[in-house]
Amino acid sequence: MGCSEAYTPARMGSAQLVGVGVWPSSIYLIFITEVIDEDVVMNKANRKIEENRVKPLIDELFKTKEELEQGGGAFIENLMKEALNAVLEAEMEHHLGYRKHAVEGNNSGNSRNGKRSKKLKSDNGVIEIDIPRDRNSTFEPKIVPKGANSMGKFEEAILSLYTRGMTTREIEGHLRELYGMDVSPSFISTVTSKVEEEVLQWQNRPIDSCYVVLHVDGVRVKVREDGMVKNKVFYLVLATSQRGDVDVLGIWNSDNEGAAFWANVMNELKARGLEDVLLACVDGLKGLPEAVQAVFPSADVQLCVVHQIRTCCKFVSYKDMREFCQSLKSIYGAPTLDMAQGAMRELEKKWEDTYPAAVSSWVDNWEKLSTFFSYPVELRKFIYTTNKIENLNGLLRKNTRNRRVFPNADSVRRIFYLNIKKFSAKLSKPRSWPLILNQLALTFRNRLKMEDVMQ
């Protein structure tokens, strides 16, 4: 029995697998095309594969899986090339409506017009394929879309599962149970490790010279280190640019968070091009306010209102929680600083005897809790709600909840980075940003970098 017995298309939801066999773990001929789900195209592709003697070639060269495993990368590259060319020919045949050299093509209004070569990156090296052309230039291949330069669907599937917090063993089991693929954990680790270089480039990329708001927050995870499981906090800096775009500037962690650690983080941002910050919204992290103002002396510091509410509510009984939070909302939601101070006095008068610890946490930190009142009204809610970073942290916690322990800090950074990429694609600037920008320009006329706004 040859290895090609399983060489039959199989459906994966709305996708198709062309030329999937029971391969050894290190070499998979997988063409997952989410946009090609028409049986007629797939049948034509199989006929092309048969015509090109791909299946007979496998049977002729390799009688067992063990022999196939030792076949070498060159054979796999040629096999992928033949299969891709076969599918492309099938797509062209479906597009035109007739087979090559068929009389139905005479005076049909469109016909084949040669081929053009294209190089694709794959797990097994660079593959050069031939993409058919038609006279009317209306043919757009689905298996190799225009602009594509790699066959990354399989790796993308693995990274998608990895992004959702699955371990390499869990991904292996998932692919085996759902798709019948026998993928080794070492192969999956190789795929996920490729992200490391991308993470390094992203962490050191140039950034804008001025940001309106920096939000700093952390996510706590368990990491195995030196034979022990430790709780580590990975901090994210989420920045709002003068254009209203929101971007995560990086991921940092240290065993000893403090003034020295945060000074290194701020100096790293400065070395990457950051010259000025209007406002830094922080969570009372030790040494962070001082580090921000040491590196960026003109920056204002605002304690995160959301974290302040959570902290003080730990001292409040559940039966009074709703009413107490309404008193807090009248403070941070006040239209002016004077009205906020009046609401603060009402809070003291009403709740100080019942919940002195909760009230004193606002009174003692009022100077840094009221900073945002000097900013435009439209920007204040954006500052004190911190929806963006809370949503990001929620996504990270959701996708790391099942990972009880990470093997090392690098694996945490990889999965965080992949989730940040996914999150960033959904971000959009506030609709009121043009109004906010005009008010900021009046308030901080000499500090805004208008050339950044125009980019």
> Just checking, how many residues over region 302-355 are touching a strand residue (DSSP E or B) at 6+ places or on another chain (Cβ under 6 Å) and either modelled with pLDDT of 90 or more or among the aromatic types (Phe, Trp, Tyr) (or both)?
Replying inline: 0
> Residues in region 339-353: is at least one of a type outside the set (D, E, K, R), touching a residue at least 60 places away in the same chain (Cβ under 8 Å) and assigned to a helix (DSSP H, G or I)?
Replying inline: no
> Which condition breaks for Ala357 when tested against (1) in contact with a Phe, Trp or Tyr (Cβ under 7 Å, 6 or more places away or on another chain); (2) surrounded by 14 or more Cβ atoms within 10 Å (Cβ to Cβ)?
Replying inline: (2)
>> When the residues of region 182-229 are narrowed to those that are β-branched (Val, Ile, Thr) and either outside any strand (DSSP E or B) or outside the structural domain of Leu269 (by TED's automatic domain parsing) (or both), which ends up modelled with the lowest pLDDT?
In response: Val183
>> Just checking: which of the helices (runs of 4 or more DSSP H) contained wholly in region 230-335 hold 2 or more residues that are among the small types (Gly, Ala, Ser)?
In response: 259-271, 288-295, 321-332
> For region 406-442, what are the residues that are closer than 26 Å to Ile383 by Cβ and among the polar types (S, T, N, Q)?
Replying inline: Asn419, Ser424, Ser428, Ser432, Asn438, Gln439
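The values are calculated or read from the model by the stated rules, or taken from the named source; none is laboratory data. What you are looking at is a predicted structure, and each value in this text was computed from that prediction instead of being measured. Every residue, glycine among them, receives a Cβ derived from its backbone with ideal geometry; neighbour counts consider all protein chains shown.
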